[in-house]
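Engineer: Pasting a structure below so you can have a look.
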Amino acid sequence: MNDASFLSGLAQAVGADALITDPARTAPMLRDHRELYRGHALAVVAPPDIAAVSRLLAHCNQHRIGVVPQGGNTGYCGGATPDASSSQVLLSLARLNRVRAIDVANYTLTAEAGCILADVQKAAASADRYLPLSLGSEGSCMLGGNLSTNAGGLNVIHYGMARELVLGLEVVLADGSVLDVLTGLRKDNTGYDIKSLFLGAEGTLGVITAACLKLHPALRSHATAFVAVTGPEAAVSMLGALRSASGDSVTSFELIPRIGVDLTVKHIPGVSDPLSMPSAWYVLCELSSSRIGDPLGEVLQDTLESALKEGWITDAAVAQNERERGAFWRLRESIPEAQRMDGASLKHDISVPVSQVPRFIEVAGAWVAQHVPQGVLVAYGHLGDGNLHFNINQRAGTQPAQLQAVEPELKRAIHDLVRDFGGSFSAEHGIGQLKVFELERYANPVELELMKRVKKAFDPNNIMNPGKVVRI
Ligand code: FAD
Ligand code: MLT
Ligand code: ZN
């Protein structure tokens, strides 16, 4: 079959208006957020409903044409970008954007894959419920992308990763059949948990079209502080103390280096340093509760005073109102954008046990200082989850190419070290096309073999996002 007849079959399957041909619209969809990859597609399609997705996959499967699902295209590993062969179909889920139902008594919300995450959060809030998945990209990433990457973000310490928020799924499989396990059940031990395989599969096993999500009580009290800590070790000590003192109400615990403050103050309008004296390290921590008047502020204040006596911290600003709280969060959430505006960067999304983070920073930081003089370490992230964005930025006065030249050696050193610490080379951003070789290198061989068998069982013709995550 030639391209023309495949495309006319495709148009029939999805409706001619689902094909996007305007280069002004397709160009941003064919490159990834970090601009590491540029793809070329045989067609770019945005089907209007599940039935059209099903017909599209059946048609592509019949003709062995690869399909690359895409949500908000904010992923960091090139998972939503087709290859350069012009032989794959880019499938945008953006038109599947309905919140289908909210079951207030069951604390669940059912929404389609193309819903923007912030809109799903708002829908939950409108029913006096809380969807805890929260990331800096929430204004543009989509639910299907969040679940397919098993996104982490800012509240994992308390609520877990995206996977832990999913009760049911609707998925279109490679052959076009629809797996409807869109239940809102909290208990269901009826055999293998097949749906969990799609969470974090990055579109390699099927297309998620809708999900039933677990909600939580709406939050009514917060206590938020921006704290100057004497180092990562002290930050870990403070985390332990705060978890115990607050009855485990810590919903975020983010580590921020001085350069994170400098970059955001420099590049992001409206961001200012919350404290008067500079410190090498900071923590942005938040306690939250669904009870009005919960004495979270007192607990936080007491812990900060103890931490000062222990020598863990030197200063702290406690948010007095929503505006100040928002300003702290704006600083934290703008770090990736400020980093991007400051020049080239090499990213490592790593995790180690929380207790090991300080030692990791010390050892890996020393390696970078010795071997990468053209780079500056920007290590920040979700300390409460043991997840660091161990990024290296281009040093002022150097060229991007000078930093990029060291990328293979740097990546190997950091990821080998992560392995030695019993950690993960991809904590929350996934594999995509960026880390396929890393997975082959570091995965447990038995686990990797099982992944390949699962891939073959779900997608025998290898049409679902071929070349991403695992190669078969
Ligand atoms: P896309 O980029 O469109 O796709 C991601 C992957 O999922 C691709 O492999 C794609 O093929 C697949 N996919 C998309 N939709 C579907 C579907 N419906 N069915 C099957 N497969 C699908 N990530 C974190 O985990 N934590 C963070 O704190 C975080 N912060 C970020 C901050 C910023 C400023 C930015 C730009 C990104 C951040 N990210 C973070 C990364 C990114 O936003 C997440 O990975 C997000 O979950 C991706 O969603 P998306 O809709 O953009 O997915
Ligand atoms: C974050 O936590 O800000 C992101 O996951 C990291 C990034 O955007 O680089
Ligand atoms: Zn992150």
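The values are calculated or read from the model by the stated rules, or taken from the named source; none is laboratory data. Since the structure is predicted, the reported quantities are computational estimates derived from the model, not experimental observations. Ideal geometry is used to build each Cβ from the backbone, glycine not excepted, and the neighbour counts take in all protein chains shown. Surface areas here come from the heavy atoms of the whole protein model, side chains and all, with no ligands, DNA or RNA. Shrake-Rupley method; radii C 1.70, N 1.55, O 1.52, S 1.80 Å.
Engineer: Restricting to region 95-111, what's the tally of residues that are of a type outside the set (Ser, Thr, Tyr) and either buried (at least 21 other Cβ atoms within 10 Å of the Cβ) or not in a loop (DSSP other than H, G, I, E, B) (or both)?
Structural biologist: Taking region 95-111 as the starting set, the residues that turn out to be of a type outside the set (Ser, Thr, Tyr) are 95-106, 109, 111.
Those still in the list that are either buried (at least 21 other Cβ atoms within 10 Å of the Cβ) or not in a loop (DSSP other than H, G, I, E, B) (or both) too: 96, 99-103, 109, 111.
The number of residues fulfilling the criteria is 8.
Engineer: Across region 1-16, what is the number of residues that are modelled with pLDDT under 95, part of a helix (DSSP H, G or I) and in contact with a helix residue (DSSP H, G or I) (Cβ under 9 Å, 6 or more places away or on another chain)?
Structural biologist: 0
Engineer: Could you grab me the full set of residues in region 337-359 that are closer than 23 Å to Glu438 by Cα, open to solvent by 20 Å² or more (accessible area, probe 1.4 Å) and within 11 Å of ligand 1 (Cβ to nearest atom)?
Structural biologist: Result: Lys347, single match.
Quick grid of which residues meet (1) open to solvent by 30 Å² or more (accessible area, probe 1.4 Å); (2) of a type outside the set (Phe, Trp, Tyr); (3) assigned to a loop (DSSP other than H, G, I, E, B); (4) away from ligand 3 (no atom under 16 Å from the Cβ):
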site	(1), (2), (3), (4)
Ser140	yes, yes, yes, no
Asn146	no, yes, no, no
Leu154	no, yes, yes, no
His158	yes, yes, no, no
Val172	no, yes, no, yes
Arg186	yes, yes, yes, yes
Thr204	no, yes, yes, yes
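Engineer: Quick check on region 451-462: of everything there that is over 24 Å from the mean Cα position of the chain (by Cα) and closer than 16 Å to Val207 by Cα, which residue is least open to solvent (accessible area, probe 1.4 Å)?
Structural biologist: Taking region 451-462 and keeping what is over 24 Å from the mean Cα position of the chain (by Cα), we get 453, 456-462.
Filter again for closer than 16 Å to Val207 by Cα, leaving 456-462.
Values: Lys456: 112, Ala457: 79, Phe458: 50, Asp459: 0, Pro460: 100, Asn461: 52, Asn462: 48 Å².
My answer is Asp459.
Engineer: Take the residues of region 318-336 that are among the charged types (D, E, K, R) and within 14 Å of Ser221 (Cα to Cα): which is nearest to ligand 1 (Cβ to nearest atom)?
Structural biologist: First, pick out the residues of region 318-336 that are among the charged types (D, E, K, R): 322-325, 330, 332-333.
Filter once more, keeping what is within 14 Å of Ser221 (Cα to Cα): 322, 325.
Values: Glu322: 21, Arg325: 18 Å.
Top of the filtered list is Arg325.
Engineer: Quick test for you: out of Trp312, Trp329, pick the one residue that is of a type outside the set (Val, Ile, Thr) and open to solvent by 30 Å² or more (accessible area, probe 1.4 Å).
Structural biologist: Details: Trp329 fails: open to solvent by 30 Å² or more (accessible area, probe 1.4 Å).
The conditions single out Trp312.
Engineer: With buried (at least 17 other Cβ atoms within 10 Å of the Cβ) and over 19 Å from Arg258 (Cα atoms) as the only criterion, which of His415, His389 stands out? First the steps, then the outcome.
Structural biologist: On the way: His389 fails: over 19 Å from Arg258 (Cα atoms).
Among His415, His389, only His415 is buried (at least 17 other Cβ atoms within 10 Å of the Cβ) and over 19 Å from Arg258 (Cα atoms).
Engineer: Within region 352-443, which helices (runs of 4 or more DSSP H) (wholly inside it) include 1 or more residues that are among the hydrophobic types (A, V, I, L, M, F, W, C) and closer than 24 Å to Tyr159 by Cα? If you could, list the steps in order and put the result at the bottom.
Structural biologist: Details: elements: 357-371, 400-404, 407-420, 436-442.
Answer list for region 352-443: 357-371.
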